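Chemist: Handing you this structure, nothing more for now.
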Amino acid sequence: MSGTPQQVVVRGGGFFGALTLLLTGLFVAGKIFGFLAWSWWMVFLPLLIYMGLVIGVPLVLFAVVAIVGLALVAAYVLFLVLLTLFKTIKRKLT
């Protein structure tokens, strides 16, 4: 191991990540100190929504790309099968 220190880079969530942490922190403090009579689900809702978007949007995009890719492969295979079939029929007719 070398003697040089490693640099760790942490990337934040930008404006919406900071807003989420601020709202969640305020709601938790409000709940703990008795200013809010909400359930804990409501207190953590900003965090849950943010995490749902961070995880959900890329997951949906990946699923759409995978489905479109499979549809293109299936269409290409069908094209090759039909091309072979038509060539066979043409040879038999001539």
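All of the numbers you see were taken from the coordinates with simple rules; none came from a lab. Predicted model, so just to flag it, every value in this text is computed and none were measured. Heads up, the Cβs are rebuilt from the backbone with ideal geometry, glycines too, and the neighbour counts pull from every protein chain shown.
Chemist: Which order, highest average first, do 68-79, 41-52 follow once you tally other Cβ atoms within 10 Å for each residue and take the mean per peptide?
Modeler: 41-52, 68-79
Chemist: Now, a different point. Rounded to whole Hz and in sequence order, give me ³J(HN,Hα) for region 74-80 from the Karplus expression 6.51 cos²θ - 1.76 cosθ + 1.60, θ = phi - 60°, writing x for Gly and Pro.
Modeler: Those phi angles translate into 5, 5, 5, 5, 4, 4, 5 Hz.
Chemist: So, one more: Separation between the Thr94 and Leu70 pseudo-spin-labels, each 7 Å from Cα along Cα→Cβ, expressed in nm?
Modeler: 3.9 nm
Chemist: Put a dot 7 Å past each Cα toward the Cβ at Trp41 and Ala18; how far apart are the dots in nm?
Modeler: The modelled label-to-label distance comes out at 3.2 nm.
Chemist: Viscosity 0.692 mPa s, temperature 37 °C: what is the translational diffusion coefficient of region 14-93 from Stokes-Einstein with a Kirkwood Rh over Cα pairs, rounded to a whole number of µm²/s?
Modeler: On the way: Rh = 17.1 Å.
Translational D for this selection: 192 µm²/s.
Chemist: Per the helix-only calculation at 222 nm, which mean residue ellipticity applies to the chain, given -39500 (n - 2.57) for every DSSP H run of n ≥ 4 and division by its residues, nearest 500 deg cm²/dmol?
Modeler: Computed mean residue ellipticity for the chain: -27000 deg cm²/dmol.
Chemist: Which whole-number percent is the relative contact order of the chain (Cα, under 8 Å, 6+ apart)?
Modeler: Across the chain, relative contact order equals 21 percent.
Chemist: Based on the Cβ-Cβ distance from Ala63 to Thr4, what FRET efficiency comes out when R0 is 30 Å, to the nearest 0.05?
Modeler: On the way: r = 43 Å, r/R0 = 1.42.
The computed FRET efficiency comes out at 0.10.
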